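Novice: Would you mind keeping the following structure in view while I ask a few things?
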Amino acid sequence: MPTARDLHITAAGAYEHVLNELIPFFTQEFGIAIQLAVANAAGVIKRLEAGEPVDVVLTSAAGIEHLVAGGLAERTSSVEIGRMRLGVAVAPGLPMPDLATAASVRSFLLAAPHVAFIDPKGGGTSGPFIAKLFERLGVADQMNQNGVLSKTGKHVVAAVESGAATCGLTQASELIGAKGVQFAGYLPDELQVVSVYAGAVTTQTRVPDLAADFIRFLKSPKSVEAFRNAGWDAG
């Protein structure tokens, strides 16, 4: 049963795997239960705007800035957590694709019967970037016709795992270590989009000191190592 001393955290999906690994360590050290809610970037903002109890918010840097501007997050507490690149996953047993160049990625996408990717209109951080990527590669029409639109990275993974898609494209941290898929690698630098993610204490928190402790914990050497192992550029 949640209590006033629980720490309520709302995070974008890119954080989920590493938070599930790190939260037990924080809980053990501070003796505080954590209530974690995960949504896409738009969903994170909606939770705070709806007045849901949130102490720490973790989302894109742009999302944090939006919340600060709206009086929902403390600017002085805002800190960059890390940066994330786009990656590709394929169904288990399939050969790993060549992702070395834009040309090889284009060939791979065109050869895939169905590609799962973040819906550009669904509120996820990477959705609009992926849509522009498809346009740049000249494959937008094929992707719109045969693609599997996904609300979150979890849905991308589920589509590949179920066989609804043969491959998936989203933030790499949502694919690395996910069950039911093989992480095939990052997009090449010439196509890559780096998303900056940040965290902040909310203005409504009743435990500001504890919330600040959690953000400091995410910047500790143990946490930075966990972020890096999960595919983040963190430091």
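The values are calculated or read from the model by the stated rules, or taken from the named source; none is laboratory data. A quick note: this is a predicted structure, and the numbers were derived from the prediction, not measured. Here Cβ is always computed from backbone atoms with ideal geometry, including for glycine, and neighbour counts include all displayed protein chains. For accessibility, only protein heavy atoms count, side chains too; no ligands or nucleic acids. Shrake-Rupley method; radii C 1.70, N 1.55, O 1.52, S 1.80 Å.
Novice: Of the cross-linked pairs LYS151/LYS179; LYS46/LYS121; LYS179/LYS219; LYS46/LYS154; LYS46/LYS222; LYS121/LYS219, which ones have a Cα-Cα span greater than 24 Å in the structure shown?
Specialist: Over 24 Å Cα-Cα: LYS179/LYS219; LYS46/LYS222; LYS121/LYS219.
Novice: Sticking with this structure for a sec: Sort out the exposed loop trypsin sites (Lys or Arg not before Pro) in the chain (DSSP loop, at most 15 other Cβ within 10 Å) and tell me the longest stretch that has none.
Specialist: Within the chain, the longest run free of exposed trypsin sites (Lys or Arg not before Pro) spans 6-120.
Novice: For the stretch 22-53 and the stretch 109-129, what is the separation of their C-alpha centers, rounded to whole Å?
Specialist: 26
Novice: Taking 0.36 nm per intervening residue step and subtracting the Cα-Cα distance, what contour gain separates GLU65 from ASN144 on full extension?
Specialist: Contour length minus the Cα-Cα distance gives 25.3 nm.
Novice: Would you mind telling me the antiparallel percentage of the DSSP bridges in the stretch 42-174, rounded to 5?
Specialist: Antiparallel: roughly 45 percent of the beta bridges in the stretch 42-174.
Novice: Mind checking the log10 I(q)/I(0) for the chain at q = 0.08, 0.10, 0.13, 0.14 Å⁻¹? Debye, one equal scatterer per Cα, no solvent, two decimals.
Specialist: Relative scattering, expressed as log10 I(q)/I(0), comes to -0.30, -0.46, -0.75, -0.86.
Novice: Quick one: the Cα spread of the stretch 1-74 along its three principal axes, in angstroms, biggest first?
Specialist: 34, 26, 19
Novice: Using a simple spin-label model with points 7 Å from Cα along the Cα→Cβ vector, what separation in nm is obtained for ALA103 and GLN35?
Specialist: In this crude label model, ALA103 to GLN35 measures out at 5.6 nm.
Novice: Taking Cα pairs under 8 Å and at least six residues apart, what relative contact order does the chain come out at, in percent?
Specialist: Reported as a whole number, the value is 31 percent.
Novice: Another question, if that's okay. How large is the Kirkwood hydrodynamic radius of the stretch 102-145, counting all unique pairs of alpha carbons, in Å?
Specialist: 10.7
Novice: Related question: Starting from 0 in steps of 5 Å, tell me what percent of the Cα-Cα pairs of the stretch 1-136 lands in each bin.
Specialist: Here the calculated profile for the stretch 1-136 is 2, 8, 15, 18, 16, 14, 10, 8, 6, 3, 1.
Novice: Quick check for you: with a 1.4 Å probe and neighbouring chains kept, what is the accessible area per residue of the chain, in Å²?
Specialist: Accessible area per residue, the chain: 45 Å².
Novice: Right, another one. Semi-axes of the equivalent ellipsoid of the stretch 103-235: what are they in whole Å, largest first, if each equals the square root of 5 times a C-alpha gyration tensor eigenvalue?
Specialist: Equivalent-ellipsoid dimensions as semi-axes: 32, 16, 15 Å.
Novice: For the chain, give the percent of accessible area contributed by carbon and sulfur heavy atoms, probe 1.4 Å, rounded to a whole number.
Specialist: Answer for the chain: carbon and sulfur cover 53 percent of the accessible area.
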